[in-house]
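Everything on this sheet refers to the single structure shown next.
The values are calculated or read from the model by the stated rules, or taken from the named source; none is laboratory data. Just so it is clear, the model here is predicted, and its values are computed rather than measured. Don't worry about glycine lacking a Cβ; one is built from the backbone with ideal geometry, like all the others, and counts go over all protein chains shown.
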Amino acid sequence: TPDIIWTPAASTEEGARNARELFTRIFGGEAEGVWRAPGRVNIIGEHVDYNGGPCLPIALPHAAYVAVRPRPDRRVRLVSPQTVDAVDELNLDTIGPAGSEGEVKGWAAYLVGVAWALEQAGYGPLTGFDIALWSCVPLGAGLSSSAALECATAVALDDLAGLGLAGTVEAPNKEGRGILVTASRRAENDIAGANTGGLDQSASMHCTHGHALVLDSRDMSVRQTPFDIAASGCELLVIDTRAPHQLVDGQYGQRRADCEAAAAILGVNLLVDVEDYEAAMTALADNAPEEDRERLQARTRHVLSEIARTKAFIDILESEPLLSEEKLQVLGGLMNDSHDSLRDDYEVTVPELDVAVDVARARGAYGARMTGGGFGGSVIALVKTEQAEEIARAVTEAFAERGFAQPHVFVATPADGAGRVE
Ligand code: ADP
Ligand code: MG
């Protein structure tokens, strides 16, 4: 049987050094500084951000690091370990939204898009810059590698332009960070052309170590809640299934469209505004076109039940910092119900996600669920510390038996949000 593949995060020192060395190798001289922004896992509250609901992410120790030096002109040169042979070159004067003449292709969009969005928001003109990226956030694993790129760039440009929006990691400027969240999100939506909600950027920008972030997607307000499961003898095991997920974009858009259609029929702006679940189901039965009826009911059922689960989860965390065995079982149960709802009503899971969840539960996890958008990506399991390895092994074996790609696993401890490293 195959060995477990553990993929722990690089240390901050290592990540910063890698970005710096890449910078010097490609551009010569020294970067002016190094900035870091993390990926995230969402503990619960999935596919509710664009419905105005709450979610509960933690920042991962896995992060993107950018080494940056401003330029005297408006050019931007970008390099990552994968692109050392073909450095990307762009100009801030000619970049524009996806689909326009100035469209930016590939990963560069996530970085220069932030400069574009800051200028659009009135924080310009900015100077050009040379930027070297090194990241250990797994790509396309539902752990938000894209927001890590955006937010690392956002705090770097903020610092270099002296905007003072981010503050420091120790003393964050919450309001200013909200502006950087918006700029990062616009980079993703407008320049990269990915129509995602604001969860990922908020998590990367606002999370603090030892805490989960309560994010209210209706007004993007945030607050911290202690999340110290280690004190209760537990860990959050992350299983990156490495399932291919080509369908993501279209499917994600269809789910959003379903929610919008349901909300329109129910006469609300966002599904979070639905007050009476039973009445909503009846209204959809009476008023949705026949071919859409069951689907819209199922989508709405997921969103409303997920919002209720997330609130219940947050209530427990906020009422009881040290989690009893009984509370852990309640939290695990909420995670299980979340996954089942995403599988049956929202239909965003794939066999790899379901198998990882089933195996983790069968081996004694308090609860397990997919995290992120779905259609591949990662599973999180709330487990007793001493069970983590056994569960990781059992999932690895189950995947091998089924001929799935070998999963990558790590333990997630809540890390800090975006900021300057050196
Ligand atoms: P997720 O954010 O869940 O990881 P996305 O599809 O939103 O998945 O973002 C993945 C994209 O982000 C990649 O296709 C690539 O363009 C960009 N990206 C992320 N990390 C890196 C990296 N280390 N180097 C280059 N591009 C990256
Ligand atoms: Mg992403």
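For region 115-165, a residue qualifies if it is within 7 Å of ligand 1 (Cβ to nearest atom), surrounded by fewer than 24 Cβ atoms within 10 Å (Cβ to Cβ) and assigned to a helix (DSSP H, G or I), and exactly one does: S145. The conditions of being under 29 Å from G253 (Cα atoms), within 16 Å of ligand 2 (Cβ to nearest atom) and either modelled with pLDDT of 95 or more or of a type in the set (V, I, T) (or both) are not met by N51. A search for C-beta distances below 6 Å between a residue of region 163-174 that is β-branched (V, I, T) and any residue that is surrounded by 12 or more Cβ atoms within 10 Å (Cβ to Cβ) and at pLDDT 95 or above, counting only pairs 6+ apart in sequence or on different chains, returns V169/D416; V169/G419. None of L270, L284 is farther than 25 Å from S319 by Cα, at pLDDT 95 or above and in contact with a Cys (Cβ under 9 Å, 6 or more places away or on another chain) except L270. Scanning region 337-385 for residues that are acidic (D, E) and in contact with a Gly (Cβ under 8 Å, 6 or more places away or on another chain) gives a single hit, E352. Residues that are touching a Lys or Arg at 6+ places or on another chain (Cβ under 6 Å) and farther than 30 Å from P226 by Cβ within region 52-88 comprise A67, V87, listed in sequence order. Only residues that are under 17 Å from Y346 (Cβ atoms), of a type outside the set (S, T, N, Q) and in contact with a strand residue (DSSP E or B) (Cβ under 9 Å, 6 or more places away or on another chain) were counted in region 363-375, giving 4. Restricting to region 377-396, name every residue that is assigned to a strand (DSSP E or B) and either among the acidic types (D, E) or crowded, with 24+ Cβ neighbours inside 10 Å (or both). Listed by number, the residues that qualify are S378, V379, I380, A381, L382, V383.
Scoring A67 on the criteria (1) more than 8 Å from ligand 1 (Cβ to nearest atom); (2) over 19 Å from L163 (Cα atoms) leaves a single failure, condition (2). Being in contact with a helix residue (DSSP H, G or I) (Cβ under 6 Å, 6 or more places away or on another chain) and among the polar types (S, T, N, Q) is true of S144.
Of all positions in region 212-226, at least one carries a residue that is buried (at least 24 other Cβ atoms within 10 Å of the Cβ), small (G, A, S) and either at positive phi or in contact (Cβ under 8 Å) with a residue 24 or more places away in the chain (or both). The condition of being outside any loop (DSSP other than H, G, I, E, B) and within 18 Å of V112 (Cα to Cα) holds for R186.
Considering G193, G178, the condition of being assigned to a helix (DSSP H, G or I) and more than 7 Å from ligand 1 (Cβ to nearest atom) is satisfied by G178 alone.
The residues in region 174-211 that are over 28 Å from Q254 (Cβ atoms) and either surrounded by 23 or more Cβ atoms within 10 Å (Cβ to Cβ) or under 13 Å from the mean Cα position of the chain (by Cα) (or both) can be counted, and the count is 5. Among the residues of region 196-220, the one identified as assigned to a loop (DSSP other than H, G, I, E, B), within 11 Å of ligand 2 (Cβ to nearest atom) and of a type outside the set (S, T, N, Q) is G197.
On the stretch given as region 348-359, residues that are more than 22 Å from the chain's Cα centre (by Cα) and surrounded by 24 or more Cβ atoms within 10 Å (Cβ to Cβ) total 0.
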